[in-house]
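Report on one structure; see the data block that follows.
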Amino acid sequence: MAAFTEAEIIQATGAKVLRQGRNDMVYTGIETDTRTIGEDAVFVALRGEKFDGHDFVEQAVSSGAAAVIVEDGKRFYVDGDYAIFVVADTLKAYQNLARFHRRRFMLPVVAVTGSAGKTSTRSLIATVLGQKYNVLQTEKNFNNEIGLPRTLLQLTKEHGVCVVEMGMRGRGQIKELADIAEPTVGVVTNVGKSHIELLGSQANIAKAKAELVEALDSEGTAVLNQDDKRAAAMAGQCRGKVVGYGIENDAPVMAGNIKNDEKGLTFTCRCFDQIMDVHMPVIGVHNVYNALAAVAVGRLLGLSEHQMQRGLAEYHGVPMRQELVHTDSVTFINDAYNANPASMTEAVNMLVTLAGGRTVAVLGGMLELGDWMREEHEKIGVLLAKKGVNVLITLGDEALYIAKAAKEAGLMNIYSVTTHAEAADILHNIMKPGDTVLLKGSRSFAMEKILPYFERKE
C-alpha cells in the first residue's frame, strides 16, 4: 500500500495545504472510491461525467480518510479533523502521486498496448513472469488514466516486476500513460481498426500506439509484432533495443509447427538461440502471437526455457475470450468480451478450425468504426460464407450488414434478432448434437447473456 507524508504529497502534486493534518502523519493508501477507504487514507476527489468526488468528501472522512485532495474553488465538506490539500486538477494530482510512487522502485515495468489482444497478452506475460517474480499486473480492464495509476499505487517492495495494460481512444493518451508508468519494456501487439471512428485512419491509430515505443528511453526495449507491418515499422521510433516476434516473417522470436484444436495449442518456439516445444490449454492461433510476446519479455527479464514453458502451460486464458463452454451435446465458444474487425475475423477462423460438426455464428455488431462500419461488417458476412459456416444469427442493427452480405455470398441459414432471448430461442430450435456455436460482439451487446438460457433449460 502506497504511503505518503505531507511533504511527499506536496512534492508530488504541488498542492497547497488548506488545513494541516496531525504532526508526523504518514498517510496510507490513495483512494478515489469511498467504498475502499481505509483508516489514514487519502481521498482524491475526482470529477467524472456523472459524478463529482467533492460531493463525497464527508463520506470519505467518516469512512476513515485522514486527508483529502480537492480542486481549488470547489465546494466540499470542511468540518472534522482531517488534512486538506488543494490542487488545480485532482486527476493530474492522482497521476502524479502514482508516478512518484512508481519511482520508488527500481524494477522492470512492462507496458502492453495494441488494437486487439492486449488484455490476453498482458495476462499471459504476467503468468509467464510469475514463474520467477512476484508480479503486479493491471486488474480487469483498468487500463486508462485512472486505472493505470491505481495499479501503480499498489506497488510494494515485494514485487519484482509490474505489467500494465495501456488503452486509448485518441492521440496523446498512451503518451500520458507512459509518462506516468515510465515503462522499461513496451509491447505492441498489432494495429487494427479499433477506435477508427475517433482517429480517422489506421495510420493515425498506429501513431497513437507508437507513443508507447517513443516513450522508452535508450535503456528500454520495444517488443513488436513483426507480422503486423504498422507495428513492425515502430522499430524506427525506438531509442532503445527492439525485439520482433512473429509467425510469418523472420524474427528473433518465432513459432512454427502450430497445431490448434479443442485441447489447446502446441507449437515450436525459437527464441534467439533457444528452441522449445510449447503446449497451452487455450485455443486460437492469435494466442500464439500472445505467447511469443510473453517469451520475448521472459527472455529479456532472465527467465529460463523451463520457466517460460511452464508459464505458458499454466495459462488458462481470460474470461469471455475464446472460452470453451460445453453442454451435453453442444460446444459454445464464448468470445463475447469485445469485438473489432481483426478479432471477429480470427474468431470466425477459429470456429471453423475447431468444429467437428456444424458451425453456428451468433454475432453482435462491432462499434466505433465510423465510416468503415458497413464495409467491415460486410467483410465478415462474406468471410462466413467463404468459410462455409452453416448458420448465422445476428443481433442488432449493425450486424444486419453481416447478414445481408453473408446471404448475397451464399450463406442461406440466416436469422436476425433484436434480443438475447430471441437468439436463444432460435438456437434451441435449430441446434443439433455436435454443433459448435460462436458468441461474439462488441461489449455493449453482451453476447454472453445468451448462455444462461441454456443453463436454465438443461
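What follows is calculated from the coordinates using simple rules that are stated; it is not laboratory data. Source: prediction; values computed, not measured. All Cβ positions, glycine included, derive from the backbone under ideal geometry; neighbour counts span all protein chains shown.
Using the Kirkwood formula over every pair of different C-alpha atoms, what hydrodynamic radius in Å results for segment 74-187? Evaluated over segment 74-187, this radius sits at 15.0 Å.
Kindly provide the helix-only [θ] at 222 nm of the chain, computed as the sum of -39,500 (n - 2.57) over DSSP H runs of four or more divided by all residues, to the nearest 500 deg cm²/dmol? Don't skip to the end; give the middle numbers.
Values: 16 runs with 156 residues, N = 458.
Value at 222 nm, helices only: -10000 deg cm²/dmol.
Taking every C-alpha pair closer than 8 Å and separated by at least 6 residues, the mean separation divided by the residue count of segment 323-457 gives a relative contact order of 37 percent. By other beta-carbon atoms within 10 Å, ranking Asp273, Asp55 with the fewest at the front produces Asp273, Asp55.
Model label sites at Leu107 and Asp397, defined 7 Å from Cα along the beta-carbon direction, differ in position by 4.8 nm.
Computed over every Cα-Cα pair of segment 106-256 and binned at 5 Å starting from 0, the pair-distance distribution P(r) comes out as 2, 11, 20, 24, 22, 14, 6, 2, 0 percent. Counting beta carbons within 10 Å around each of Val188, Val242 and listing the fewest first gives the order Val242, Val188. Note on Ala313 and Lys259: the extension gain reaches 18.0 nm, defined as 0.36 nm multiplied by sequence separation minus the Cα-Cα distance. Peptide packing for 255-263, 136-144 was compared via the average number of neighbouring C-beta atoms within 10 Å per residue; ordered from the highest value, the list is 136-144, 255-263.
Relative contact order of the chain: what whole-number percent is it, with Cα pairs under 8 angstrom and at least 6 residues apart? Contact order relative to length: 11 percent. Kirkwood hydrodynamic radius computed over segment 339-441 comes to 13.3 Å, based on all pairs of distinct alpha carbons.
What list do you get for Thr418, Thr32 if you sort them by fewest beta carbons within 10 Å?
Ascending Cβ contact count within 10 Å gives the list Thr418, Thr32.
In whole Å, what three semi-axes, largest first, describe the equivalent ellipsoid of segment 3-88 built from its Cα gyration tensor (square root of 5 times each eigenvalue)?
18, 15, 12
In summary, the aspartates and glutamates within cross-link reach of Lys404, defined as a Cα separation below 20 angstrom excluding same-chain residues under 8 places away, comprise Asp371, Glu375, Glu376, Glu378, Glu422.
Charges only on Cβ, +1 for Lys and Arg, -1 for Asp and Glu: so what's the dipole of the chain about the Cα centre, in debye to the nearest 20?
For this selection, approximately 740 debye.
Here semi-axes √(5λ) of the Cα gyration tensor in Å was computed from the coordinates, and among [x] 34, 26, 21; [y] 40, 38, 16; [z] 42, 28, 20 the match is [z]. Within a straight-line Cα-Cα reach of under 16 Å, Lys16 can be paired with the following lysines, leaving aside sequence neighbours fewer than 8 residues apart in one chain: Lys74, Lys92.
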